[in-house]
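Written below as structure tokens is the structure these notes are about.
The values are calculated or read from the model by the stated rules, or taken from the named source; none is laboratory data. A quick note: this is a predicted structure, and the numbers were derived from the prediction, not measured. When we count neighbours, we look across all protein chains shown, and the Cβ atoms used for this are built from the backbone with ideal geometry, even at glycine. Areas reflect the complete protein model, heavy atoms only, side chains present, ligands, DNA and RNA absent. Shrake-Rupley method; radii C 1.70, N 1.55, O 1.52, S 1.80 Å.
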Amino acid sequence: QVQLVESGGGLVQPGASLSVSCAASNRGLNTYTLAWFRQPPGKEREFVASIAWSGETFYAESMEDRFNISRDYVKNTIHLRMNSLKPEDTAVYYCAAGPRISQSKNAYNYWGQGTQVTVSS
């Protein structure tokens, strides 16, 4: 049984920073690529960032200068640090795990329940 549990979402003002985390229940996922996707209101789910088992990171082009993904292999957790947040970053942020490196949501087998991030003044 694999569970991904996100935490850390909330309401912040534009320009603020926020971190979200995802804890994986199965240590076998240490060999998987872990990723963050987000789904803004009324829009499709989109790729944000991923980190391979090797530690190599990948970002959506529009976010790579403000977001940072990291991985704690001991705690089986990934984090997404989001800086200079904008109202358009408002979305439900989902953690996902898959066996290969990809920006496609179809490549990920396991998903968390999501955590809401709202950027508003």
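Inside region 65-85, can you point out the residues that are charged (D, E, K, R) and in contact with a strand residue (DSSP E or B) (Cβ under 6 Å, 6 or more places away or on another chain)? Can you show your working first?
First, the residues of region 65-85 that are charged (D, E, K, R): 65-66, 71-72, 75, 81.
If the condition is that a residue be charged (D, E, K, R) and in contact with a strand residue (DSSP E or B) (Cβ under 6 Å, 6 or more places away or on another chain), then Arg71, Arg81 are the ones that fit.
Scanning region 22-37 for residues that are open to solvent by less than 30 Å² (accessible area, probe 1.4 Å) and small (Gly, Ala, Ser) yields a total of 2. Residues that are assigned to a loop (DSSP other than H, G, I, E, B) and either surrounded by fewer than 17 Cβ atoms within 10 Å (Cβ to Cβ) or polar (S, T, N, Q) (or both) within region 89-110 comprise Thr90, Pro99, Arg100, Ile101, Ser102, Gln103, Ser104, Asn109, listed in sequence order. Considering region 67-97 alone, what residues qualify as being over 22 Å from Gly42 (Cα atoms), more than 12 Å from the chain's Cα centre (by Cα) and modelled with pLDDT of 95 or more? Of everything in region 67-97, those that are over 22 Å from Gly42 (Cα atoms), more than 12 Å from the chain's Cα centre (by Cα) and modelled with pLDDT of 95 or more turn out to be Asn83, Ser84. In the set Asn83, Asn76, Asn68, only one residue is on the phi > 0 side of the Ramachandran plot and out of contact with any Phe, Trp or Tyr (no Cβ under 6 Å at 6 or more places or on another chain); that residue is Asn76.
For Gln113, the criteria (1) more than 20 Å from Val12 (Cβ to Cβ); (2) without any contact (Cβ under 8 Å) to a residue 24 or more places away in the chain; (3) open to solvent by 70 Å² or more (accessible area, probe 1.4 Å) hold in every case but one, which is (2). Within region 60-70, the set of residues being surrounded by fewer than 18 Cβ atoms within 10 Å (Cβ to Cβ) and not small (Gly, Ala, Ser) comprises Glu61, Glu64, Asp65, Arg66, Asn68.
Considering each residue of region 41-56 in turn, none proves to be within 19 Å of Gly10 (Cβ to Cβ), charged (D, E, K, R), modelled with pLDDT of 95 or more and touching a strand residue (DSSP E or B) at 6+ places or on another chain (Cβ under 8 Å).
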